[in-house]
Amino acid sequence: MTAQETIDYIRTLAMTALDGAGSLEDIVAWERAFLGAKGEVTLFLRGLASLPADQRPIAGRGGNALKTELTAAWEARHAALSAGALDRRLAGDAIDVTLPGRPPIFGASHPVSQMIDELSEIFALLGFQTVFGPEIETAHYNFDVLNIPKDHPARDVWDTFYVDLPGEIVLRTHTSPMQGRVMEQTEPPVRVVVPGRVYRYEAQDASHEWMLHQLEGLAVDRTITMADLKGTLAEMARQLFGSERKTRFRCDFFPFVEPGVDFAVDCAICGGAGCRVCKGTGWLEMGGAGMVHPNVLRAVGYDPDIYSGFAFGLGIERLAMMRSGVDDVRAFAGNDLRFLRQFARAA
Ligand code: FA5
């Protein structure tokens with residue numbers, strides 16, 4: 001084969017291979033095969049010295065011209081393949097800016113938390129400070145300080161989850177233990193509300209849960225009367241439900257108040273006609289209340305001859321039910337997002 005024939009042969013081989021190169025990897029391999037240190041063209045040029053003298057000038061010129069030609073062809077092909085790869089990547093990642101956006105789902109505070117916030121605001125305007133207490137409580141504060149001694153049958157009223165065997169530690173059955181804790185640490189006058197979870201070992205139904213929230217209220221000063229209690233709760237109900245809801249106070253017994261009352265609101269679910277939530281009575285009990293018992297004042301070191309006070313304990317889920325027309329208390333802890341999202345407020 002003459003030098004020219006060898007050059008033509010390498011050209012045909014290289015151009016055919018370049019035409020068939022379909023990817024960037026292919027042409028990198030192609031460059032190595034023809035123009036690299038051990039590529040066909042390089043080896044051909046290196047072998048010039050061994051050619052017959054008359055062939056060398058033709059082979060030198062032709063070989064260098066082939067190298068230039070193949071380098072140009074490679075560059076053109078490389079550019080074309082790179083552009084194609086970029087186009088494909090852009091097409092794959094394309095964002096259609098005309099598509100309608102997906103609305104983001106915002107979290108929202110739980111309806112019970114919303115009710116606690118709202119109650120704290122209402123009571124703040126009435127001069128009450130919001131404080132918090134432990135959910136795991138001693139029987140001492142949950143019962144003893146509240147004038148409920150060990151063998152008193154009233155302990156049975158609060159079906160209790162005991163945490164230890166002797167029964168000294170309990171899941172608090174109401175927020176009332178904070179009465180003793182606050183008074184022990186504060187000189188009168190006292191005006192606090194205490195929102196929080198309480199636990200009762202009891203069966204569930206439309207108006208009863210085993211885990212619920214209460215808001216305790218306590219006011220102690222020299223001249224507190226039952227009229228202050230009635231006025232405070234009636235004002236709270238007016239702010240929460242509007243003036244059209246009726247309120248009712250009836251005598252009730254709690255060992256830590258004297259006299260004691262239960263505080264009810266006419267049922268917003270049935271408008272007072274009677275339903276399964278109000279058990280056909282037209283009224284739903286919102287809380288217990290009364291004048292702080294002298295024994296409780298004495299137990300925390302207050303002189304009942306100088307000081308008097310009122311206390312109340314409201315069921316927060318019950319208030320939320322009346323406020324929003326929810327007909328089953330179990331919905332609040334049921335974790336059904338369809339229920340909870342209805343309470344999402346605009347951000
Ligand atoms: C008490 O817990 C007293 N500590 C309230 C009190 C405080 C009285 C201060 C006097 C002075 P009672 O067990 O009635 O009382 O509960 C108070 C309110 O919590 C009820 O009126 C009701 O609204 C709510 N409640 C009670 N048990 C449940 C329950 N199982 N599920 C939902 N709400 C409940």
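The values are calculated or read from the model by the stated rules, or taken from the named source; none is laboratory data. Here the structure is a predicted model, which is why all the values come from computation and not from measurement. Positions of Cβ are backbone-derived with ideal geometry, glycine not excepted, and every protein chain shown enters the neighbour counts. For accessibility, only protein heavy atoms count, side chains too; no ligands or nucleic acids. Shrake-Rupley method; radii C 1.70, N 1.55, O 1.52, S 1.80 Å.
What angle do you read, to the nearest 10 degrees and between 0 and 90, between the alpha-carbon axis of helix 226-241 and the longest principal axis of the chain? For 226-241 against the chain, the angle is about 30 degrees. Close amide H partners of residue 293, meaning residues 5 or more places away or on another chain with modelled amide H under 5 Å apart, are 257, 258. Overall, the anisotropy analysis places region 221-277 in the oblate class: the square-rooted eigenvalues a ≥ b ≥ c of its C-alpha gyration tensor yield a/c not less than 1.5, with a/b not exceeding b/c. Applying both filters, DSSP loop and at most 16 other Cβ atoms within 10 Å, to the chymotrypsin sites (Phe, Trp or Tyr not before Pro) of region 154-196 gives 161.
Note on the chain: with a GNM built from Cα contacts shorter than 10 Å, the maximum mean-square fluctuation among 15, 211, 183 falls on 15. Helical content alone sets the calculated 222 nm signal of the chain at -12500 deg cm²/dmol, taking -39,500 (n - 2.57) per DSSP H segment of four or more residues and averaging over every residue. What GluC sites (Glu not before Pro) does region 206-314 have in DSSP loop regions with at most 13 other beta carbons within 10 Å? The qualifying sites are 244. Relative to the Cα centre, the charge distribution of region 111-343, modelled as +1 at Lys and Arg Cβ and -1 at Asp and Glu Cβ, gives a dipole magnitude of about 620 debye. Surface composition of the chain: carbon plus sulfur atoms hold 55% of the accessible area, using a 1.4 angstrom probe and ignoring ligands, DNA and RNA. Other residues within the sphere of radius under 15 Å centred on the Cβ of residue 46, judged by their own Cβ, net out at +2 (K and R +1, D and E -1). Note on the chain: Cα-Cα pairs beyond 26 Å make up 64% of the total pair count. Rounded to the nearest 10 square angstrom, residue 87 shows an accessible area of 100 square angstrom against a 1.4 Å probe. Here's the list of lysines a cross-link from residue 38 could span, going by alpha-carbon distance under 16 Å and ignoring same-chain residues fewer than 8 apart: 67.
Before I look further, what does the chain give for accessible area per residue, probe 1.4 Å, in whole square angstrom?
54 Å²
If you run the Gaussian network model on the chain, springs between alpha carbon atoms under 10 Å, then out of 274, 22, 133 the most flexible one is 22. Helix 111-125: angle to the longest alpha-carbon principal axis of the chain, degrees 0 to 90, nearest 10? Roughly 50 degrees, rounded to the nearest 10.
Note that region 208-347 carries a Kirkwood radius of 16.4 Å, evaluated over its alpha carbons pair by pair. The trypsin sites (Lys or Arg not before Pro) of region 212-254 that DSSP puts in a loop, and whose beta carbon has at most 10 other beta carbons within 10 Å, are 222. Taking 52, 104, 177 as the candidate residues, the one with maximal mean-square fluctuation in a Gaussian network model of the chain, Cα springs under 10 Å, is 52. The equivalent ellipsoid that matches the C-alpha gyration tensor of region 3-92 spans semi-axes of 32, 10, 9 angstrom, in descending order. 3J(HN,Hα) couplings calculated from phi for region 49-59 with the Karplus curve 6.51 cos²θ - 1.76 cosθ + 1.60 (θ = phi - 60°) are, in sequence order, 4, 8, 7, x, 4, 6, 7, 4, x, 4, 5 Hz; Gly and Pro show x. Here the Karplus curve 6.51 cos²θ - 1.76 cosθ + 1.60, taken at θ = phi - 60°, turns the phi angles of region 181-196 into couplings of 4, 5, 5, 4, 9, 10, 7, x, x, 10, 8, 10, 10, 10, x, x Hz, with x standing for Gly and Pro.
Only one residue of 254, 79, 240 has its Cα farthest out toward the positive end of the dipole of the chain, where Lys and Arg carry +1 and Asp and Glu -1 on Cβ, and that residue is 79. Of the residues 151, 117, ranked by 1.4 Å probe accessible area with the largest first, the sequence reads 151, 117. The angle between the Cα long axis of helix 24-34 and the main principal axis of the chain comes to about 30°, on a 0 to 90 degree scale. Counted over all Cα-Cα pairs of region 141-279, pairs farther apart than 17 Å make up 69 percent.
Residue separation times 0.36 nm, minus the C-alpha to C-alpha distance between residue 102 and residue 42: what's the value?
Stretched out fully, the residue 102 to residue 42 stretch lengthens by 15.6 nm.
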